[in-house]
Amino acid sequence: MLLDPVLGSNVPFITLFAASAFAAWYGGRGPAIAATALGAISAAMLFFEPRFSPPIDKAGFWLSLALFLIFSGACVLFVESMRKAMLVAEARSKMLQTTLSSIGDGVIVTDEQHRITWFNVVAEQLTGYSKAEVIGKELESVFNIINETSREPVEIPSRRALTERRIVGLANHTLLINKSGDEIAIDDTAAPIIDDGGNLIGCVLVFRNVSDRRQRERIFNASFSATKLLAAIIESSEDAIITKDLNGIVGSWNEAAERLYGYQADEIIGKHISTIIPKHLLSEEDVIIAKLKAGERIKSFETIRKHKSGRTIPVSLTISPVYDEDGHIVGASKIARDVSDRKRAEERIGSSEERLRLALEAGQMGVWDWDVATGKLSWTEQLEPLHGLEPGTFGGTFEAFGELIHPLDREKTLQTIGAAVESGTDFEVEFRTIHPGGVIRWIAGKGKVYRDHNNNPTRMLGLGLDVTKRHRRQYAAQFLAQASASLANVVDFDSALQEIAKLAVPHFADWAAIDVVGSDGLLQRTAVAHIQPEKVELAMELQRRYPPNPESNQGAYAVLRTGISQLVPTITEDMLRASIEDPELLQIAIDLGIKSYMGVPLLMRGKPFAVVTFITSESGHIYDEDDLRVAEEMVERASVALEN
């Protein structure tokens, strides 16, 4: 009524459109219809004369009411549709934000000026920056990437995505340098953001941490290189090398096997190994498979095999079990050597003289004859190599013989022989000799004195025998027994490793070291032993300053990868110069006087987890296959002690 002077009574409903729109926006269709109906009733009762009595008999009233209802309905529908559209947009926006926040990859969104507008949690974790720190900043100030190999900066893909208006991926081997300076291997993709009108409004960058995958790739590549090298070695071997599974099915067949047996690889691979076994010897395969399943290695097994043409071939076989990654035996590798020539040579031996000569050689024996009066000493040809001499180089006198005896044994040996000459009795003596390169051998000498009619000694005849193996077996038995007893009393892992190293020094090695695989896959020096404590610290320091190359085909890493022991009997200065690049380390190695090396894998549940290294230097001892067998036996006992 107060508005009558302003509005009059002709437009009473116009004032209520706002109420309908307000109700539609905040309440929806139901409240809006109620507001429209209430407004129509209020207008009819309050804005028309007489008050509280709507003029239902007038056409203008009904026209105004109809128009109000039509336009109010249209207004309600329009406002409601806008409200629903806004709610849908808000829901989509929230869903998008939730998705971007919870996605497993880092996500960064920029505007068209390359300024950051969105930064999810994973992006914060990978870059080291918080969302609050980076919003509004240019992407380059946060996302610093370089090439892994060249170390040169790499262009951020989002720049190209904005410029070229297309999806752009990151080059391989890219590193992200985060806020702390840490380097993270990443892959990423950038895509432009274009609105419905085709306008470029920004860019989205999605990136992820691929450090684990990159590490697996490096390990695979290294393994693949080692596999190729092993394959090349197998193919170039002069011995036939064959692999088969536990069912006897041939899996590989090298060129030497083709030459030995006459079958090409494509003819035999996939067939049973009995193809080359004579029928009367087929039972051998069952025995071999049984031993392989028990983890036994068959060495120098001589038998007969069959050529493709049907003729028989005498061969010497060495057969070893093949293990899978879990330590299970899955097959066998077989090395076969044709021993036809040796067999034919054996058949030609007929004369007693030849038999005697071969017997002396086989027994590492020789005969000597000493003329006591003249001092002349005659040797058979077998004695010179026993004393480390080249054929024909022995001086031929008793004095020359004395010079060949180890200084620590010389006086006692000469006194024993002299006493036998004086007393006319037989004698037995054992002494050491030093071969070229420092190899020490044990010789057992036996002699008988002959006298003339005046009872004067005129001649001594005797035998020299190499007993080095016996001495080594005796020492090995004592050494292994001591090792077993000592390891049985060890109560913790580190003490066991240190005990293993200490047991070898000084009688078996001048240096002993144990390197254990760490959590990063690299070898860590855990135990070192040497008779001189200061050299123990030197060994630890050299390991820290000059860690070995994990890719090397020699040394501890090669033993760890293959699970096969290594033996380098003689280490020369030329070998050191060829294998050591660092001048300081080379000079240290030369000064240490390293003579011989063995590396043996230490297994735990069938898998190598450490490498035991034995080195000689001061003693001058040269390792051989017998020493390697002792080392492997000791390490195997240590493995059992550690597992128990």
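Computed over the alpha carbons of region 558-620, Rg followed by Dmax gives 13.5, 40 Å. Of all the accessible heavy-atom surface of region 403-484, with the other protein chains kept in place and a 1.4 Å probe, what percent is carbon and sulfur? The nonpolar share, carbon plus sulfur, comes to 52 percent. A straight line joining the Cα centroids of region 536-574 and region 499-530 runs 11 Å.
Quick one: dipole size for region 565-644, taken about the Cα centre, charges +1 on Lys/Arg Cβ and -1 on Asp/Glu Cβ, in debye to the nearest 20. Mind dumping the intermediate values first?
Numbers: 6 positive and 15 negative charges, 77 e Å.
Using Cβ point charges on Lys, Arg, Asp and Glu, region 565-644 gives about 360 debye.
Inter-label distance, E541 to S180: 3.3 nm, where each label sits 7 Å from its Cα along the C-beta direction. The lysines within cross-link reach of K306, meaning a Cα-to-Cα straight distance under 19 Å and a gap of 8 or more places when in the same chain, are K244, K271, K279, K334, K343. The distance from the alpha carbon centre of region 591-644 to that of region 401-466 is 36 Å, rounded to a whole number.
Ranking request for peptides 548-561, 403-416: highest mean number of other beta-carbon atoms within 10 Å first, then the rest in descending order. Working shown, then result.
Working: 548-561: 17.3, 403-416: 14.4.
With the highest mean Cβ count within 10 Å placed first, the list reads 548-561, 403-416.
Straight-line reach from K308: which aspartates and glutamates have Cα under 13 Å away, leaving out those fewer than 8 places along the same chain? Within the straight-line limit of under 13 Å, K308 reaches these aspartates and glutamates: E258, E267. Give the cross-link partners of K595 among the lysines, using a straight C-alpha distance below 22 Å as the criterion and excluding same-chain residues fewer than 8 apart. Output for K595: K469, K502, K535.
Computed from point charges on the beta carbon alone (+1 for Lys and Arg, -1 for Asp and Glu), the dipole magnitude for region 397-438 about its Cα centre is near 160 Debye. Rounded to the nearest percent, how much of the accessible area of region 531-604 (1.4 Å probe, protein heavy atoms only) is carbon and sulfur? Whole-percent figure for carbon plus sulfur exposure: 58.
For region 234-283, state which GluC sites (Glu not before Pro) are in a DSSP loop and have at most 13 other beta carbons lying within 10 Å of their beta carbon.
Values: sites: E235, E238, E255, E258, E267; in loops: E238.
Passing both the DSSP loop test and the Cβ count: E238.
When you count the other C-beta atoms within 10 angstrom of each residue and take the mean per peptide, 293-299, 594-600, 461-467, 584-590 line up highest first as 594-600, 461-467, 584-590, 293-299.
Extents of region 427-553, taken as max minus min of Cα coordinates on every principal axis and listed largest first, are 82, 34, 29 Å. For region 241-327, carbon and sulfur atoms together expose 50% of the accessible surface, with a 1.4 angstrom probe and every protein chain in place. With each label modelled as a point 7 angstrom along the Cα→C-beta vector, the A345-L408 pair spans 3.6 nm.
The values are calculated or read from the model by the stated rules, or taken from the named source; none is laboratory data. Note that the structure is predicted; figures quoted are calculated from it, not measured. Methodologically, a virtual Cβ is constructed for each residue, glycine included, from the backbone with ideal geometry; neighbour enumeration extends over all protein chains shown. Ligands, DNA and RNA are stripped out before the accessible areas are found, and what is left, the full protein with its side chains, is counted by its heavy atoms. Shrake-Rupley method; radii C 1.70, N 1.55, O 1.52, S 1.80 Å.
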